[in-house]
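The structure under discussion appears below in the form of structure tokens.
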Amino acid sequence: MTNLLSFSAILNLVGFWDVAIALLGLFIISCLLERFTNKGPMLWPVLGIIPSVFLNVNNMYDWATVALIRAGGTFYFRGMWFGGAHGIITIDPSKLEYMLKTRFNNFPKGQHYRERFHDLLGNGIFNADDQMWKEQRRVATTEMHSSQFVEHSFLSMQVLVHEKLLKLMDDVVNSRNSVIDLQEVLLRFTFDNICTAALGVDPECLALDLPQIPFAKAFEEATELTLFRFMVPPFVWKPMKRFEMGYEKRLKESVQIVHEFAEKAVTERRNELVRLGGLNDRSDLLSRLMEYTDQNPEGQGTQKRFSNKFLVDFCISFILAGRDTSSVALAWFFWLVQKTPEVENKILKEMNEILGQRRQCSTIKEPADHDAIFTVEELKNMVYLQAALSESLRLYPAVPIDIKEVVEDDVFPDGTVVKKGGRVLYSMFSMARIESIWGQDCLEFRPERWIKDGVFASENQFKYPVFNGGPRLCVGKKFAYTQMKMVAAAILLRYEVKVVEGHNVVPKLTTTLYMQNGLLVTLKPRLLTSTV
């Protein structure tokens, strides 16, 4: 009883403001200790790194780069108390190799990532781990590298470029308003291209009047709205999903449109297979998967029947991977090239030399340069163009940041400890801006760094993880380069692309490195008599 009275007396003596001042002092001391002992960004009491992130949300990539440089390439982070978020952010190539290759099984995409993308991607290859991922990876590699698919994808790409993309650009040049958002046009192109390759369906986003396509619009909205799930804790977005509130309601509607489109394509193709008994006249990925045959060591085949759900998830993942990455990469490429005339001149010189060789070897009259359609071999021989595209991807990677989850406690070769359930984020955007990785000229757009003795020289995939690395190395890398080279060559051969004066080009904070304000450009036909 005496103790209770004493405690009550103390409370009477210590007022509210005394407690408040004591707590404030504790907060300040905690902040100072954190500031002087932590090499990375400020980790606030209770809220962790969240305030630091939101204070720099409009300059996230550059802020993260500076923070990583100051921390020596890696720093620890944690989120809000009881939220469970913790781990490291890094740009160290040796850590990437350890994570993406050496200890691959201990660093999957993880539950944190899969849960947030599950509504859109289901168990598709882009969102799968373990055995489910291995199976889809094996099937995708077999079909995408088959001569049938390679030929089909190249021809459909060629038709789309020359019969739709260039005609749209001609229409823009001949109209009064010659300004066009090149990023939007390229997104439309890659969307039509990847849907044709994956589903055998052309959404016709590149029609001259640039129509709104419900599927395309829903797909874009679904990917952007999914990002919010990474920015707010589960106790916020999960109730919103449960009660269909705010952006979660819009996300559900967008995902439904996407899935209905894909399900319709799968159902119709399945009915066609049953009706005709085969799909030999179709070479798109969906058709090939429906007739997929497993080969045993004796060379005998067993047809494998994938469920409609498997096919829908697989194709949606394929569209996501193929739509955003190439179009965004091309937008940054055109922006960098128009800022660097010497690079543009070297690309034009290379193309003109290839056309000159064609004329010398041909026994028939070749079409004028502005009507030229480059062959597979001619595109392969564009070494400088591939170097320029690779350099553009280095500076502005289509996926600027990636994330892995830690299955069991682990220690990186340099002694950095990561705990079970933690996350490892690695910033490809920041890696390009580190002198110790790319040299003192790391901030320069210099394609020559990719050429040795006149031949394109690939970089270590963990120094340049733009196409991922290790077992998850992108199966569509060859497809992406062919697509980007064909588009870049076709446009630059015919037009001077100039960004509208005063147009502000900055990255947008999304899972893919879009330009915040698009890329407004003017197109000017090249003079055929000009020499380079």
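The values are calculated or read from the model by the stated rules, or taken from the named source; none is laboratory data. Being a predicted model, the structure only gives us computed values, none of them experimental. Glycine gets a Cβ as well: all are built from the backbone with ideal geometry, and neighbour counts include every protein chain shown. Ligands, DNA and RNA are stripped out before the accessible areas are found, and what is left, the full protein with its side chains, is counted by its heavy atoms. Shrake-Rupley method; radii C 1.70, N 1.55, O 1.52, S 1.80 Å.
List of remarks:
- Just one residue in the set Glu224, Glu298 is at pLDDT below 90, among the charged types (D, E, K, R) and assigned to a helix (DSSP H, G or I); that residue is Glu224.
- For Thr190: the one exception among (1) touching a Lys or Arg at 6+ places or on another chain (Cβ under 7 Å); (2) open to solvent by 40 Å² or more (accessible area, probe 1.4 Å): (2)
- Take the conditions (1) at pLDDT 90 or above; (2) open to solvent by less than 70 Å² (accessible area, probe 1.4 Å); Thr293 misses just one of them, which is (1).
- Gln111 surrounded by fewer than 17 Cβ atoms within 10 Å (Cβ to Cβ) and touching a strand residue (DSSP E or B) at 6+ places or on another chain (Cβ under 7 Å): yes
Condition check ((1) farther than 30 Å from Gly73 by Cα; (2) of a type outside the set (A, V, I, L, M, F, W, C); (3) modelled with pLDDT under 95) across all residues:
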| position | (1), (2), (3) |
| --- | --- |
| Glu448 | no, yes, no |
| Met486 | yes, no, no |
| Ala490 | yes, no, no |
| Leu513 | no, no, yes |
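- Those residues of the stretch 45-79 which are touching a Gly at 6+ places or on another chain (Cβ under 7 Å) and either open to solvent by 70 Å² or more (accessible area, probe 1.4 Å) or of a type in the set (Phe, Trp, Tyr) (or both), in sequence order: Phe75, Tyr76, Phe77, Arg78
- Count of the stretch 492-529 residues which are aromatic (Phe, Trp, Tyr) and more than 11 Å from Ala331 (Cβ to Cβ): 1
- Filtering the stretch 214-240 to residues that are under 16 Å from Asp324 (Cα atoms) and either open to solvent by less than 40 Å² (accessible area, probe 1.4 Å) or without any contact (Cβ under 8 Å) to a residue 60 or more places away in the chain (or both) leaves Phe215, Ala216, Lys217, Ala218, Phe219, Glu220, Glu221, Ala222, Thr223, Leu225, Thr226, Leu227.
- Criterion violated by Ala488 - all others in (1) closer than 16 Å to Leu166 by Cβ; (2) within 18 Å of the chain's Cα centre (by Cα); (3) aliphatic (A, V, I, L, M) satisfied: (2)
- Of all residues making up the stretch 302-340, the number that are at pLDDT 90 or above, open to solvent by 20 Å² or more (accessible area, probe 1.4 Å) and farther than 19 Å from Arg394 by Cα: 4
- You will find that of Phe82, Phe7, Phe27, the residue that is outside any helix (DSSP H, G or I), open to solvent by 70 Å² or more (accessible area, probe 1.4 Å), at pLDDT below 85 and out of contact with any strand residue (DSSP E or B) (no Cβ under 7 Å at 6 or more places or on another chain) is Phe82 and no other.
- Long-range neighbours under 8 Å by Cβ, at least six apart or interchain, first residue touching a residue at least 24 places away in the same chain (Cβ under 8 Å) and open to solvent by 40 Å² or more (accessible area, probe 1.4 Å) within the stretch 392-415, second in a strand (DSSP E or B) and not aromatic (Phe, Trp, Tyr): Ile401/Leu425; Ile401/Ser427
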